[in-house]
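Before any comments, here is the structure.
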Amino acid sequence: MEPTSSVVAELKPQPEASAPQSQSPPDSEANYKRRSAFLSHPHTRLGFILAGLVILIGVFFLWRYLASYESTDDAQIDGHVNSVSARVSGHVLKLNVQDNQYVEKGTVLVEIDPADYEVAVAQARAVYADAQAQAAAAGINVPIANVSTSSQVSGAQAGVSSAKAGIAAARQQYEAAKSQAVEEEANNTKAQNDLVRYKQLIDKQEISQQQYDQAVASAQASVATLQAARARADALAAQIEQAQDKLAQAGADLRTADTAPQTMRATRARALSAQANGDRRKAELDQAELNLQYAKVIAPVSGVVSNRTVEVGQNVQPGQEMMKVIPLDEGDLWVTANLKETQLKKMKPGLPTDIAVDATGKTYKGHVDSIAGASGARFSLLPPENATGNYVKVVQRIPVKIVFDKDETKGHELRPGMSVVPKVWIK
């Protein structure tokens, strides 16, 4: 029985173990009094007030700072992509650039075999020279034809006038000859009648033989004179007919000469046609020379060569893309920031912008250039249709173009497609 009582005695709580529990309330009360005294102290209250003011001021400035800009991580650098293509067909003889090489504007990138185009230029030059000679000859004929036709017209007009004058003169002479013939006929009639009377008298021996002979001679002379007058009148009538024939010929010549303006126009037209043919041959020569120049493909802008697909020995066709040149100079790069429509309330062109570029770890200066005319969804291949009745409002994003300030991109370290985080300061 003693061992059991010893075990029970060991299991009973000892007075030393319970002593600390009886001392804890005085310590807690002392701590409470110390805290109460600390909290009720004026300096402590002042410290809490100052701390609260500092926190409020910090929150206020933090709110002011966060409200002073709009930012998005849905932004990237954009730029021009200039495709370089062949303008003529041919065999690539030489390739002067490699991928990712920076080239200046006007640098010869690719050389196409120029042999065919050199032959075409020589042929076009010879044809043009021949056309020039023909145009010069046709041009010389114009003044010659002008003088010749003018002379023909003047001569024909003079011939018509002369023929008319000849007809008038011949008719006057004919009328005079007819009058004279009538007069001579009257004289002849009188002379014949006198001869008859003298014949009767000579038979009666009333006149001398001499007088009768004179009457016979007068009658014969009168007949001859009448015949001469009639012959002269007939000759003048023939002259009138000849003058009329001359007038008809002169009229025909004049009508022929009247066609001179048409002939002159035809001559001028031939000269103009020859000149136009010369111009056409000159255009063909210019085109052949251009094709020869196009055998050397040059860089349209300064930039980095990318996506090169052409190789030496390759046959290229007009319009075939051979590479791209990405310009990196000032004005060739900009940022497209897809901002939420709720961020555009105070957005306007000219606002300053800080552009943080992930690739370089630098921040660049820029400013807002413009705001797109529609949301990005409107530019997609299949714009969303909201006519199903199950419409859910989704905040849209509007592309905003941000351009870099002067000299910000002169290091050529930025590339189109890089991710950026723009921060637009709206206050």
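Every number in this text was worked out from the coordinates using simple rules, so none of it is lab data. This one's a predicted model, so the numbers in the text were calculated from it and none came from an experiment. Glycine also receives a Cβ, built like all others from the backbone with ideal geometry; neighbour counts cover every protein chain displayed.
The label point for Leu201 and the one for Glu289, both projected 7 Å from the Cα toward the Cβ, are 11.2 nm apart.
Can you put Thr409, Thr342, Thr336, Thr360 in order of Cβ neighbours within 10 angstrom, beginning with the fewest?
Details: Thr409 22, Thr342 9, Thr336 18, Thr360 13.
With the fewest neighbours first, Thr409, Thr342, Thr336, Thr360 line up as Thr342, Thr360, Thr336, Thr409.
Phi-derived couplings, Karplus 6.51 cos²θ - 1.76 cosθ + 1.60 at θ = phi - 60°, listed residue by residue for the stretch 360-368: 9, x, 10, 10, 10, 8, x, 8, 5 Hz, with x used for Gly and Pro.
Could you tell me the relative contact order of the stretch 257-370? Use alpha-carbon pairs under 8 Å, at least six residues apart, and round to a whole percent. Could you put the intermediate results ahead of the total?
Numbers: 68 pairs, mean separation 16.8, N = 114.
Rounded, it is 15 percent for the stretch 257-370.
The phi-based Karplus calculation (6.51 cos²θ - 1.76 cosθ + 1.60; θ = phi - 60°) puts the 3J(HN,Hα) values of the stretch 90-95 at x, 9, 6, 8, 8, 10 Hz, whole numbers, x for Gly and Pro. Of the trypsin sites (Lys or Arg not before Pro) found in the stretch 184-241, those that fall in a DSSP loop while having at most 15 other beta-carbon atoms within 10 Å are Lys204. Each residue of the stretch 322-339 was assigned a 3J(HN,Hα) from its phi angle through the Karplus curve 6.51 cos²θ - 1.76 cosθ + 1.60 (θ = phi - 60°); the sequence is 10, 5, 10, 10, 9, x, 10, 6, 4, x, 8, 10, 8, 10, 9, 9, 8, 8 Hz, with glycine and proline shown as x.
In a DSSP loop and with at most 13 other Cβ atoms within 10 Å, the chymotrypsin sites (Phe, Trp or Tyr not before Pro) in the stretch 322-427 are Tyr391.
Sort out for me the Cα centre separation of the stretch 314-337 from the stretch 278-295, rounded to whole Å. Value for the Cα centre distance between the two parts: 28 Å. Amide hydrogen proximity for Leu339: with H placed 1.01 Å from N in the peptide plane, the residues at 5 or more positions away or on another chain lying under 5 Å are Ile398, Val400. Computed extension gain for Gln320 through Asp234, at 0.36 nm per residue and net of the alpha carbon distance, reaches 21.4 nm. Near the amide H of Ser370, within less than 5 Å, lie the amide hydrogens of Lys401, all on another chain or at least 5 residues away, with H placed in the peptide plane. With the simple spin-label model, which puts each label point 7 Å out from Cα in the Cβ direction, the Ser306 to Lys401 separation comes to 1.9 nm. In this simple spin-label approximation, Tyr102 and Leu56 carry label points 7 Å from Cα along the Cα→Cβ vector, and these lie 5.6 nm apart. Near the amide H of Ser302, within less than 5 Å, lie the amide hydrogens of Lys105, all on another chain or at least 5 residues away, with H placed in the peptide plane.
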